[in-house]
Amino acid sequence: MIKAIIFDLDGVVVDTAKHHFKAWSLVAKKLNVPFAEDQNEDLKGVSRANSLEKILQWGDLEISLDKKQELLDYKNKIYLNLISKISSKDLLPGVYHLIETFRKNGFKIALGSSSKNAIPILKKLELFDLFDEIVGGNLVSISKPNPEVFLKASSLLGVPKEKCLVFEDAQSGIQAALNAGMYCIAVENKGNLIGAHKKVNSLNEISDISALINDLADKKPKT
């Protein structure tokens, strides 16, 4: 049934939400737009450019293309500085063991993320060599919930979409997986994500991948 596993990056493999929040907070401050953590949740899984558009909408602002690019570069510079010291110690619980277990059992592994910094982050986390394919924001043009990122991963892996399982922590990502016609497991502990085939609070809850796959056996990918 399932032949490939696709992991989102932020919030599933490593928690960089706090760094995104800090960087976007400084951007919002420049624009005099109030920005709270619940709004940062709405930016999960969303591209950098589309995230800025959301902030501009919240502030009912219109700015030039040059100013937008200036703010996008500013945000990325701050974010890169904040993540410059991350290491394998920052991996979320259960990530390394689960990826290794899937690999040892013959599953193909891909990353499907809107982050344009996916490759350097994976290298810092010492995970780069464990992924068969890496699809980041540089390879896609449309943000989640559009399924492009996951369909691209499926194509590169050479695995039909209906045989792919996605791990996601954002509503936009879950919807993207469902829009792609894939299986999806939500990784969250707040209880507000909907639509996934299964929920776990953390990847370290998954100790038996055979049981996990069997649990999904009677469920078909949603559309």
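The values are calculated or read from the model by the stated rules, or taken from the named source; none is laboratory data. Owing to the predicted nature of the structure, the values given are computational and were not obtained by experimental measurement. Please note: Cβ atoms are built from the backbone with ideal geometry, for glycine as well, and neighbour counts cover all protein chains shown. When the accessible area is computed, the model is the full protein with side chains, heavy atoms only, and any ligands, DNA or RNA have been set aside. Shrake-Rupley method; radii C 1.70, N 1.55, O 1.52, S 1.80 Å.
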Open item on the list: So if I place +1 on the C-beta of Lys and Arg and -1 on the C-beta of Asp and Glu, and nothing else carries charge, what would the dipole magnitude of the chain be about its Cα centre? I want it in debye, nearest 20.
Closed with: 280
- [ ] Identify, among 58, 92, 155, the residue whose Cα sits farthest towards the positive end of the charge dipole of region 54-164, taking +1 on the Cβ of Lys and Arg and -1 on the Cβ of Asp and Glu, with the dipole about the Cα centre.
- [x] 92
- [ ] Enumerate the lysines that residue 198 could reach by cross-link, defined here as Cα to Cα under 21 Å, with residues fewer than 8 away along the same chain left out.
- [x] 3, 44, 108, 144, 161, 163, 190, 219, 220, 222
Task: Radius 13 Å from Cβ of residue 213, net charge of other residues (Lys, Arg +1; Asp, Glu -1) - done: +1
Open item on the list: Under 10 Å, Cα contacts only: if you run a Gaussian network model on the chain, which one of 190, 29, 163 comes out with the highest mean-square fluctuation?
Closed with: 190
TODO: Taking the dipole about the Cα centre of region 161-223, with the C-beta of Lys and Arg at +1 and of Asp and Glu at -1, give me whichever of 216, 176, 165 is farthest to the positive side.
DONE: 176
- [ ] Subtract the Cα-Cα distance of residue 142 and residue 210 from 0.36 nm times their separation in residues, and report this length gain in nm to one decimal.
- [x] 21.1 nm
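Accessible area per residue of region 1-127 at 1.4 Å probe, in Å²?
Accessible area per residue: 51 Å².
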TODO: Would you calculate, for the chain, the mean residue ellipticity at 222 nm contributed by helices, counting each DSSP H stretch of 4 or more residues as -39,500 (n - 2.57) and dividing by all residues, to the nearest 500?
DONE: -12500 deg cm²/dmol
TODO: Report, in degrees rounded to the nearest 10, the 0 to 90 angle that the Cα long axis of helix 17-31 makes with the longest principal axis of the chain.
DONE: 20
Open item on the list: Run the numbers for residue 29 and residue 156: contour at 0.36 nm per residue of separation, minus the present Cα-Cα distance, in nm.
Closed with: 41.7 nm
Task: Net charge, residue 94 excluded, C-beta distance under 12 Å - Lys, Arg +1, Asp, Glu -1 - done: -2
- [ ] Report the extension gain between residue 41 and residue 190 in nm, rounded to one decimal, defined as 0.36 nm multiplied by the number of residues separating them, less their alpha carbon distance.
- [x] 52.5 nm
Open item on the list: I'd like to compare 48-61, 83-96: which one has the highest average count of other Cβ atoms within 10 Å, and what's the full order after that?
Closed with: 48-61, 83-96
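If you roll a 1.4 Å probe over the chain with all protein chains in place, what percent of the accessible area is carbon or sulfur?
Values: 5220 of 10990 Å².
Here carbon and sulfur together make up 48 percent of the probe-accessible area.
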TODO: Rounded to the nearest Å, what's the spacing between the alpha carbon centres of region 131-206 and region 49-65? Just the number, please.
DONE: 26
